[in-house]
Ligand SMILES: Cc1ncc(COP(=O)(O)O)c(C=O)c1O
């Protein structure tokens with residue numbers, strides 16, 4: 001998405017409050033694309049007043065940001081940002097890698113230009129597919145790509161004739177097709193979000209009952225991952241190893257959250273009995 005759309009002749013504005021927003025800035029840097037960044041604390045929401053000031057100070061080709069910042073599980077609010085972009089006459093490119101399939105994305109909003117995601121998170125496919133959903137008019141102009149493989153234009157042109165520009169991971173696309181059928185059967189993203197929240201809330205309730213503290217308020221959290229502060233006196237490795245012995249793999253924090261938090265994702269076909277086993281394992285490991 002960035003490689004094809006972000007121009008090198010005018011600037012892109014990156015809004016970040018976590019690893020993946022900061023990574024988009026790093027990607028633009030590596031691609032030699034001009035950008036400015038509004039960088040926010042990983043534990044804070046995006047401050048739209050700061051973004052507005054930046055957008056008023058100069059013209060940007062695009063604004064780019066992350067929907068669900070998987071670093072903390074914060075679901076960044078889209079509508080106020082999209083409305084601001086519309087007022088300022090700029091369009092948004094969105095990383096929805098860990099939200100597409102389980103959270104609402106206002107595709108009809110005129111300021112939303114493109115959304116990038118993957119088959120292997122909330123869609124429940126396998127690793128090997130990346131998707132960009134974008135307004136067709138963006139494919140009418142000149143590609144900004146300085147990479148052959150990351151240029152969406154030839155993929156789009158070939159797609160019209162039923163072919164692919166390059167060799168695809170065909171098995172991953174079969175898995176994606178099956179996963180989309182399952183998503184539709186579950187009631188689309190709304191049905192999946194409902195189930196994720198049931199599972200996440202049981203995990204949140206259960207671990208809070210054991211004395212663990214959530215990193216973010218529930219109202220600011222996504223449905224597919226939850227961050228907890230490490231329990232008092234526990235190093236991440238000890239908790240990870242104890243739970244692994246009981247059959248569960250938790251996920252470390254990133255950056256300076258590494259020794260402060262752990263994360264539990266709840267994507268996939270998780271049953272209530274699995275959550276019971278997880279809570280029992282925590283109870284046993286924490287003693
Ligand atoms: C929000 C977000 N963006 C992008 C990525 C892709 O990161 P990577 O290519 O390192 O897997 C991830 C992976 O977890 C993510 O959560």
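The values are calculated or read from the model by the stated rules, or taken from the named source; none is laboratory data. Model, not experiment: these values are computed from the prediction. Here the Cβ is made from the backbone with ideal geometry for all residues, glycine too, and neighbour counts use every protein chain on show.
Limited to region 38-61, what total is found for residues that are under 21 Å from residue 87 (Cβ atoms) and not in a loop (DSSP other than H, G, I, E, B)?
Selection size over region 38-61: 11.
Residue by residue through region 95-131, note down the ones that are under 21 Å from residue 28 (Cβ atoms) and away from the ligand (no atom under 13 Å from the Cβ).
111, 112, 113, 114
Return yes or no: is residue 145 in contact (Cβ under 8 Å) with a residue 40 or more places away in the chain, in a loop (DSSP other than H, G, I, E, B), away from the ligand (no atom under 16 Å from the Cβ) and buried (at least 17 other Cβ atoms within 10 Å of the Cβ)?
yes
Being within 16 Å of the ligand (Cβ to nearest atom), buried (at least 24 other Cβ atoms within 10 Å of the Cβ) and either in a loop (DSSP other than H, G, I, E, B) or at negative phi (or both) is the requirement here; does residue 64 meet it?
Spelling it out, residue 64 is indeed within 16 Å of the ligand (Cβ to nearest atom), buried (at least 24 other Cβ atoms within 10 Å of the Cβ) and either in a loop (DSSP other than H, G, I, E, B) or at negative phi (or both).
Quick one: count up the residues across region 5-20 that are more than 19 Å from residue 135 (Cα to Cα) and not in a loop (DSSP other than H, G, I, E, B).
So the count comes out to 6.
Show the residue pairs that are 6+ apart or on different chains and have beta-carbon atoms under 8 Å apart, the first residue being within region 57-71 and over 21 Å from residue 118 (Cα atoms) and at pLDDT below 95, the second being assigned to a strand (DSSP E or B) and within 16 Å of the ligand (Cβ to nearest atom).
Correct list of pairs: empty, since none qualify.
Residue-by-condition table, conditions (1) in contact with a helix residue (DSSP H, G or I) (Cβ under 8 Å, 6 or more places away or on another chain); (2) surrounded by 18 or more Cβ atoms within 10 Å (Cβ to Cβ); (3) touching a residue at least 24 places away in the same chain (Cβ under 8 Å); (4) under 27 Å from residue 61 (Cα atoms):
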residue: 93; (1), (2), (3), (4): yes, yes, yes, yes
residue: 102; (1), (2), (3), (4): yes, yes, yes, no
residue: 109; (1), (2), (3), (4): yes, no, yes, yes
residue: 122; (1), (2), (3), (4): yes, yes, yes, no
residue: 149; (1), (2), (3), (4): no, no, no, yes
residue: 154; (1), (2), (3), (4): no, no, no, yes
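Could you look through region 17-32, keep only residues that are within 27 Å of residue 137 (Cβ to Cβ), touching a residue at least 40 places away in the same chain (Cβ under 8 Å) and in contact with a helix residue (DSSP H, G or I) (Cβ under 8 Å, 6 or more places away or on another chain), and pick out the one that is farthest from the ligand (Cβ to nearest atom)?
31
Residue under question is residue 57, and the condition is that it be within 30 Å of residue 214 (Cβ to Cβ) and loosely packed, with under 14 Cβ neighbours inside 10 Å; does it hold?
no
Has region 89-107 got at least one residue that is within 17 Å of residue 47 (Cβ to Cβ), out of contact with any strand residue (DSSP E or B) (no Cβ under 6 Å at 6 or more places or on another chain) and outside any strand (DSSP E or B)?
Scanning region 89-107 turns up no residue that is within 17 Å of residue 47 (Cβ to Cβ), out of contact with any strand residue (DSSP E or B) (no Cβ under 6 Å at 6 or more places or on another chain) and outside any strand (DSSP E or B).
For residue 51, state whether it is in contact (Cβ under 8 Å) with a residue 60 or more places away in the chain and surrounded by 14 or more Cβ atoms within 10 Å (Cβ to Cβ).
no
So residue 75 clears everything in (1) farther than 27 Å from residue 102 by Cα; (2) within 16 Å of the ligand (Cβ to nearest atom) except one condition, right? Which one?
(1)
Mind listing whichever residues of region 202-245 are in a loop (DSSP other than H, G, I, E, B) and surrounded by 15 or more Cβ atoms within 10 Å (Cβ to Cβ)?
Correct list: 212, 215, 216, 222, 223, 224, 230, 231, 234.
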